[in-house]
Amino acid sequence: MSLEIVSACIAGASVIVSALFSGLLYKATLESTKAAIKSADSSKNSADTALESLRISARIEDQKTQFNRALREQYIHELREYAFEITGELGAILNQKYSTSTYFNREIRMPIPTHHMAECFSNEDREIINSAWRNLNIYLFDYWERYTYSDTKHRKMKENMRDSDTQISDLRDVIIKFSAVMALH
């Protein structure tokens with residue numbers, strides 16, 4: 001009997017150890033499941049945050065695009081007015097409506113800052129705009145002289161350049177370039 005008692009004790013101890021390990025395993029499984037649920041919730045929150053971040057970025061980009069579009073429209077309006085005034089004055093010179101002492105007192109400036117040109121206009125539009133101003137400046141340099149009168153800068157057509165075919169041709173080119181600026185949309 002003593003062997004039977006030892007066997008029974010060992011079997012009982014095995015059952016107790018087995019139950020203890022099963023209980024510990026069950027507890028570990030529950031904690032692992034809870035951790036997995038928390039991880040899934042955290043992943044969902046991260047995904048939601050990333051999605052909201054993308055939405056905000058898209059809204060900011062849309063606002064920037066709308067701002068640049070509005071800025072472009074404003075600059076096109078200013079460019080058209082400026083180009084219209086310049087072509088009117090140069091056209092009057094071309095049609096010889098001014099006397100031989102014609103003056104061109106307009107300030108020649110690019111009405112758009114460089115960084116806005118890059119943000120608001122395509123390469124093709126920038127080339128049209130820059131070409132118009134470049135041609136105007138070349139024309140004025142070639143055919144008009146600067147002088148200052150009463151602290152005001154003026155331009156007067158160079159005497160030897162009046163009514164030359166080259167001057168008239170160059171003037172027409174400038175007017176055509178500014179007409180292209182007026183046609184921007």
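The values are calculated or read from the model by the stated rules, or taken from the named source; none is laboratory data. Note that the structure is a prediction, hence the values are computed from the model and not measured. All Cβ positions, glycine included, derive from the backbone under ideal geometry; neighbour counts span all protein chains shown. Side chains included, ligands, DNA and RNA excluded: accessible areas come from the protein's heavy atoms. Shrake-Rupley method; radii C 1.70, N 1.55, O 1.52, S 1.80 Å.
Solvent-accessible area of ILE138, all protein chains in place: 90 Å² (probe radius 1.4 Å, heavy atoms, ligands and nucleic acids excluded).
Simple rule: put +1 on each Lys or Arg Cβ and -1 on each Asp or Glu Cβ in region 1-88, find the dipole, and look at SER39, LEU3, LEU79; the Cα lying farthest toward the positive end is LEU3.
Here region 1-49 is treated with +1 on each Lys and Arg Cβ and -1 on each Asp and Glu Cβ, and its dipole about the Cα centre works out to around 140 debye. When the Debye formula is applied to the Cα atoms of region 16-95, each taken as the same point scatterer, what base-10 log of I(q)/I(0) results at q = 0.27 Å⁻¹? The Cα Debye sum returns log10 ratios of -1.10.
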